[in-house]
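Have a look at the structure below before the remarks.
Derivation of every value follows stated rules applied to the coordinates shown; laboratory data play no part. Computed from a prediction, not measured in an experiment: that's the story for all the values here. FYI the Cβ positions are ideal-geometry reconstructions off the backbone, even for glycines, and counts take in every protein chain you see.
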Amino acid sequence: MNSKLIAPSMLAADFGNMQRDVEMVNNSDADWFHIDVMDGHFVPNISYGMPVIQAIKKHATKPLDVHLMIEKPERYIEEFAKVGADIITVHYESTVHLHRTLSQIEDAGCKAGVVLNLTTPVSVLEDILPKCYMVLLMSINPGFGGQKFEEMTYNKIKKLRRMIDEQGLNTLIEIDGGVTDKNIKQLVEAGADAFVAGSHVFKSKNPTQTIKELKQLANS
Ligand code: DX5
Ligand code: ZN
């Protein structure tokens, strides 16, 4: 059964050929588009916002998984929903009233998820887990693609998997940062369900084939 999900990160796409790269993902074994929004405050980098997401949505035939790396994301949830986000994840560290922000995402018609920075323990999610469609665990310090995967992630996945199972939930675990063909299998074994891959996919000679390999490795 092909149940593990691959989400190519459009941060690593060629912005001058965005439509071409969107079509590539449409015609690949990928499951979602991963869209990284950075504001230059929450993370030390600025990426893109609503107009670019709207342009991607125009051509995308798969769900948009929008990862907000912005301060106070509650200010913009409705706008991200309007331009086509299907899943919206917000950082635990970026919003004071997380429960309210997740409700806002649901009310806007999207699936809601929480992201944890590398050093934020999974234990902070215990009470909010039933409200999470997905938890995204950062396996790098967010802000840039192409960084090295941090090994501490494996333990966090195992702990989170245990929490989800203990509560009898279906919450998905997504991993973001430094995912490659070398570690995806081990990440599946630790208990992860979905995998963001930016540079490993887009810097490869044949991105379609690379996505296919990741999908096969994750589901083998
Ligand atoms: C970084 C972003 C990631 C990034 C991953 O803050 O959240 O989604 O695009 O890129 P790679 O796969 O190259 O580590
Ligand atoms: Zn991301």
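So which residues in the stretch 67-85 are within 15 Å of ligand 2 (Cβ to nearest atom) and of a type outside the set (A, V, I, L, M)?
Residues of the stretch 67-85 that are within 15 Å of ligand 2 (Cβ to nearest atom), as a first pass: 67-70, 73, 80, 85.
Answer for the stretch 67-85, where residues must be within 15 Å of ligand 2 (Cβ to nearest atom) and of a type outside the set (A, V, I, L, M): His67, Pro73, Phe80.
Please determine, by comparing only the residues of the stretch 117-149 that are crowded, with 19+ Cβ neighbours inside 10 Å, under 17 Å from Val37 (Cβ atoms) and not aliphatic (A, V, I, L, M), which one is nearest to ligand 2 (Cβ to nearest atom).
Pro142
Among the numbered criteria (1) buried (at least 23 other Cβ atoms within 10 Å of the Cβ); (2) more than 22 Å from Gly143 (Cβ to Cβ), which single criterion is violated by Phe195?
If we test Phe195 against (1) buried (at least 23 other Cβ atoms within 10 Å of the Cβ); (2) more than 22 Å from Gly143 (Cβ to Cβ), just (2) comes out false.
Restricted to the stretch 117-142, and to residues that are within 12 Å of ligand 1 (Cβ to nearest atom) and more than 13 Å from the chain's Cα centre (by Cα), which residue is nearest to Ala12 (Cα to Cα)? Outline the logic, then answer.
Restricting attention to the stretch 117-142, the residues satisfying the condition of being within 12 Å of ligand 1 (Cβ to nearest atom) are 117-118, 136-142.
When the remaining residues are screened for being more than 13 Å from the chain's Cα centre (by Cα), the result is 118, 141.
Details: Leu118: 21, Asn141: 16 Å.
So the residue we want is Asn141.
Quick grid of which residues meet (1) in contact (Cβ under 8 Å) with a residue 60 or more places away in the chain; (2) within 17 Å of Val201 (Cβ to Cβ); (3) within 17 Å of the chain's Cα centre (by Cα); (4) in a loop (DSSP other than H, G, I, E, B):
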{"position": "Asp21", "(1), (2), (3), (4)": "yes, yes, no, no"}
{"position": "Ser28", "(1), (2), (3), (4)": "yes, yes, no, yes"}
{"position": "Met38", "(1), (2), (3), (4)": "yes, no, yes, no"}
{"position": "Tyr48", "(1), (2), (3), (4)": "no, no, yes, yes"}
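Can we say Glu150 is touching a Phe, Trp or Tyr at 6+ places or on another chain (Cβ under 9 Å) and in contact (Cβ under 8 Å) with a residue 12 or more places away in the chain? Steps first, please.
Values: touching a Phe, Trp or Tyr at 6+ places or on another chain (Cβ under 9 Å): no; in contact (Cβ under 8 Å) with a residue 12 or more places away in the chain: yes.
Taking the combined requirement at face value, the residue does not satisfy it.
Considering only the stretch 134-214, give the helices (runs of 4 or more DSSP H) lying wholly within it that have at least 1 residues that are under 17 Å from Asp31 (Cα atoms) and touching a strand residue (DSSP E or B) at 6+ places or on another chain (Cβ under 8 Å). Before the answer, list the steps.
Values: elements: 153-166, 184-190, 199-202.
Correct list: 184-190, 199-202.
If I ask for residues that are near ligand 1 (Cβ under 10 Å from one of its atoms) and without any contact (Cβ under 8 Å) to a residue 24 or more places away in the chain, which ones from the stretch 171-220 would you list?
Of everything in the stretch 171-220, just one residue is near ligand 1 (Cβ under 10 Å from one of its atoms) and without any contact (Cβ under 8 Å) to a residue 24 or more places away in the chain, namely His200.
Can we say Val114 is over 27 Å from Asp14 (Cα atoms), within 16 Å of ligand 2 (Cβ to nearest atom), touching a Phe, Trp or Tyr at 6+ places or on another chain (Cβ under 8 Å) and part of a strand (DSSP E or B)?
Details: over 27 Å from Asp14 (Cα atoms): yes; within 16 Å of ligand 2 (Cβ to nearest atom): yes; touching a Phe, Trp or Tyr at 6+ places or on another chain (Cβ under 8 Å): yes; part of a strand (DSSP E or B): yes.
Yes, satisfied.
Suppose we keep only residues that are more than 11 Å from Asp65 (Cβ to Cβ) and β-branched (Val, Ile, Thr) within the stretch 16-37. Which one would you say is farthest from ligand 1 (Cβ to nearest atom)?
To start, the set of residues in the stretch 16-37 that are more than 11 Å from Asp65 (Cβ to Cβ) comprises 16-29, 37.
Those left that are additionally β-branched (Val, Ile, Thr): 22, 25, 37.
Working: Val22: 16, Val25: 14, Val37: 9 Å.
Only one residue tops the list, namely Val22.
How do the pairs read when you match residues in the stretch 56-74 that are in contact (Cβ under 8 Å) with a residue 24 or more places away in the chain and assigned to a helix (DSSP H, G or I) with residues anywhere that are crowded, with 22+ Cβ neighbours inside 10 Å and aromatic (Phe, Trp, Tyr), using Cβ under 7 Å and keeping only pairs 6 or more apart or on different chains?
Ile56/Phe33
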